[in-house]
1. Around ASN156, what is the net charge, scoring Lys/Arg as +1 and Asp/Glu as -1 over all other residues with Cβ under 9 Å from its Cβ?
2. Count the net charge of all other residues whose Cβ sits under 12 Å from the Cβ of LEU146, scoring Lys and Arg as +1 and Asp and Glu as -1.
3. If you rank THR157, THR229, THR86 by fewest surrounding Cβ atoms within 10 Å, what's the result?
4. If amide H atoms are built 1.01 Å from N in the plane of the peptide, which residues on other chains or at least 5 residues away come under 5 Å of the amide H of GLU118?
5. Each residue of the stretch 175-192 in order: what ³J(HN,Hα) in whole Hz does its phi give by Karplus 6.51 cos²θ - 1.76 cosθ + 1.60, θ = phi - 60°, with x for Gly and Pro?
6. Residue by residue through the stretch 92-109, what is 3J(HN,Hα) from phi via Karplus (6.51 cos²θ - 1.76 cosθ + 1.60, θ = phi - 60°)? Round to whole Hz and write x for glycine and proline.
7. Could you give me the ³J(HN,Hα) list for the stretch 147-162, computed from phi with Karplus coefficients 6.51, -1.76, 1.60 and θ = phi - 60°, whole Hz, x at Gly and Pro?
Amino acid sequence: MAWMCPDRDRNVLHLLARREIAPRTGKCLPKRRWGGVSNHKHQSSVKPESERVRNCKSELLSWVEAESLRCLSAKYCPLVPSPRSTIAAAFSVDGKILASTHGDHTVKIIDCQTGKCEKVLSGHRRTPWVVRFHPLHPEILASGSLDHEVRLWNANTSECIGSRDFYRPIASIAFHAEGELLAVAAGHKLYFWHYNNRGETSSPAIVLRTRRSLRAVHFHPHSAPFLLTAEVNGIDSLDSTMAPATSLGYLHYPPPAVYMGKMHSIDRLSLAAELPLMPVPVFGSPYPQAL
């Protein structure tokens, strides 16, 4: 039988914890609350109310997780021939297909309903390290490889519809929420690539240079003018001392930071000459740690 606290301000989580887990935590409650006789010897061994509530919440979360797992199922997607390794994966925007990258230098397209591999995208000379789907067109995806190349694919036809060499292994890529711009992290440089443009304007523009290798890049999911980057943090390096991201110095290599800018107002032809761009610090951490 569950014990109900007379305090009406108890929230639902607390009441559920008492109802579901009271038999396991009853030994922590004072005997007087279970009808027994209270004395100082028993009260001295009683845990504080706050600790009992924390234990109840922890037990409740464990119970919810266990019950949830009973309703789930999992299976391996058969890949023939079996690749040496799986490196990265991403869902399409409509959730119908999954793209995964592998040590056999391929990108595989998997049907999320059946778990079957529907397409194999071949062309990279080394392992693709990252894959991302277009935010508006579920059949379009991009992959970045250790062969320094970013490739654009049509998942319906398995065709490579565009490619570009960035001269360093590709660590991360990201589509802007409107889909016309691709950010590419390669080595110590971050590029913006308007991949649909033709001629001179199609060349990627360097928008950020860093002292250490970049590891991740992400646009804001709702087109806000925010861009997140992460880079390796050299613990043993001479400049590893924590310093504010807005500190002077690093004239050519601003410290790791979130870069904020209006993506559509950037003059791509003169952008390289304006480096370094002004970094904006990440609140709460003067040096963002690399992922």
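Each value in this text was obtained by applying a stated rule to the coordinates, not by laboratory testing. As the structure is a computational prediction, the values presented were derived from the model and not from experiment. Glycine gets a Cβ as well: all are built from the backbone with ideal geometry, and neighbour counts include every protein chain shown.
1. Every neighbour counted, the sum reads -1.
2. Once positives and negatives cancel, what remains is +1.
3. THR157, THR86, THR229
4. Long-range HN contacts for GLU118: ILE109, ILE110, ASP111.
5. 7, 5, 4, 8, x, 8, 10, 10, 8, 10, 9, 9, x, 9, 10, 10, 10, 10
6. Using θ = phi - 60°, the values come out as 6, 5, 8, x, 8, 10, 10, 10, 9, 10, 9, x, 8, 6, 10, 10, 10, 9 Hz.
7. 7, 6, 10, 10, 10, 9, 10, 9, 5, 6, 10, 6, 8, 7, 9, x
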